[in-house]
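The values are calculated or read from the model by the stated rules, or taken from the named source; none is laboratory data. Quick caveat: nothing in here was measured; it's all calculated off a predicted structure. With ideal geometry, Cβ positions are generated from the backbone for all residues, glycine too; neighbour counts draw on all protein chains shown. With ligands, DNA and RNA removed, areas are computed over all heavy atoms of the protein, side chains included. Shrake-Rupley method; radii C 1.70, N 1.55, O 1.52, S 1.80 Å.
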Amino acid sequence: QVHLVESGGRLVQTGGSLRLSCAASGRTFSRYAMAWFRQAPGKEREFVAAIRWSGGSTSYADSVKGRFTISRDNAKNTVNLQMNSLKPEDTAVYYCAAGRYMDRYYPSEYEYWGQGTQVTVSS
């Protein structure tokens with residue numbers, strides 16, 4: 001069992017930066033691939049980034065590649081998303097998710113979810 005709590009979302013201006021954090025509880029956290037998804041109003045939840053349990057492999061959606069960086073600290077049971085050069089289209093609720101396998105891009109492929117944190121980018 002893994003319990004996830006996101007934090008760090010807020011209002012930021014276009015071009016700004018933000019760092020989201022996800023705190024996980026559960027002794028098996030280090031065995032899971034971790035990912036960030038986001039959901040904008042009226043849209044489906046979409047994949048943003050993922051990181052292997054070891055932290056040695058990452059993947060990103062094309063829309064955020066080069067601007068966002070995912071990282072994890074298994075000793076602290078945290079996964080972070082550094083977001084730079086933010087755009088209004090990045091506005092969404094951001095969710096942290098845990099799954100057993102890397103290279104999974106659909107919400108149904110992840111077992112555990114946090115409640116989300118709101119990111120709003122003003123133009």
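In table form, for the structure just shown:
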{"read-out": "Label-zone membership for region 74-89, site SER17, 7 angstrom Cα→C-beta point, backbone N under 12 Å", "value": "82-86"}
{"read-out": "Accessible solvent surface per residue of the chain, calculated while the other protein chains remain in place, 1.4 angstrom probe, Å²", "value": "53 Å²"}
{"read-out": "Vicinal HN-Hα couplings computed from phi for region 90-102 (Karplus, 6.51 cos²θ - 1.76 cosθ + 1.60; Hz; Gly/Pro x)", "value": "7, 4, 4, 8, 9, 10, 9, 9, 10, x, 7, 10, 7"}
{"read-out": "Within the accessible area of the chain (1.4 Å probe), percent carbon and sulfur", "value": "46 percent"}
{"read-out": "Backbone N within region 82-107 under 19 Å of label point (7 Å from GLN115 Cα along the Cβ vector)", "value": "92-98"}
{"read-out": "Rounded to 5, the percent of DSSP beta bridges in the chain classed as antiparallel", "value": "90 percent"}
{"read-out": "Under 15 Å from the SER122 label point (7 Å along Cα→beta-carbon), backbone N, region 1-24", "value": "10-17"}
{"read-out": "Two-decimal ratio, region 1-97, of alpha-carbon radius of gyration to 2.2 N^0.38 Å", "value": "1.04"}
{"read-out": "Relative contact order [Cα under 8 Å, 6+ residues apart], region 1-83, whole percent", "value": "29 percent"}
{"read-out": "In sequence order, calculated HN-Hα J values of region 33-43 (Karplus, 6.51, -1.76, 1.60; Hz; x Gly/Pro)", "value": "6, 10, 9, 10, 10, 9, 9, 8, x, x, 10"}
{"read-out": "Residue-span extension gain [SER30 to SER108] - 0.36 nm each, minus C-alpha spacing", "value": "26.0 nm"}
